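Notes to accompany the following structure.
The values are calculated or read from the model by the stated rules, or taken from the named source; none is laboratory data. Computed from a predicted model, the values in this text were never measured in an experiment. When we count neighbours, we look across all protein chains shown, and the Cβ atoms used for this are built from the backbone with ideal geometry, even at glycine. These accessible areas exclude ligands, DNA and RNA; they are computed on the full protein's heavy atoms, side chains included. Shrake-Rupley method; radii C 1.70, N 1.55, O 1.52, S 1.80 Å.
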Amino acid sequence: MKHILCCVDGSEHADTALRAAIELSAKLSADLSLLVVNVTFGHSRRGPQALIWTKEEVQAILDRACDMVAKRGQKPAHAVIAVAREASTGIIDHAIEHEVDAIVIGTGDKRGLSRLLLGSVAMDVASRAPCTVIIAR
């Protein structure tokens, strides 16, 4: 395993995934890349696409994640912001394009009706990604 991708969004679950990814990349001497997916919504032919975060908010999320990595004595190989209609698609597309060996992603461990209604980015990535997916809780 030479290239690990960690998906971050500023949540506690993403922080848990980032700590696991930092540890794994250090043990394997693998490159660690960070990805924030800014999801679009409300796209129509008549209007511009809207994003869930402003440029400043998404940059702050990425900067905070980079700081967490630096505090552990490492430096990310890449720190990227992607825009996609769905977070899971943005993650998978990035992993394919950059030949990632493993994706580390956090989950809130939604169960029952809440998972059925809300879906799960982590589960979608795990079922569709062409590489190893590590779900951190």
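Quick notes
- Accessible surface calculations at 1.4 Å, restricted to protein heavy atoms, place region 1-65 at 57 Å² per residue.
- Element breakdown for the chain at a 1.4 angstrom probe: carbon and sulfur atoms account for 51% of the accessible area.
- When the surface is traced with a 1.4 Å probe over the full set of protein chains, T16 keeps roughly 40 Å² accessible.
- All alpha carbon pair distances within the chain were sorted into 10 Å bins beginning at 0; the resulting P(r) in whole percents reads 12, 44, 33, 9, 1, 0.
- The amide H of V83, built 1.01 Å from its N in the peptide plane, has N38 as neighbours under 5 Å, considering only residues 5 or more places off or on other chains.
- Across region 56-68, coupling constants 3J(HN,Hα) worked out from phi with the 6.51/-1.76/1.60 Karplus curve, θ = phi - 60°, read 5, 5, 5, 5, 5, 4, 5, 4, 4, 5, 4, 5, 4 Hz, and Gly and Pro carry x.
- DSSP beta bridge pairing in the chain, given as percent antiparallel to the nearest 5: 10
- Separation of region 9-32 and region 55-89, taken as the distance between their Cα centroids, equals 11 angstrom.
- Dipole magnitude of the chain, debye to nearest 20 (Cβ charges: Lys/Arg +1, Asp/Glu -1, about Cα centre): 240
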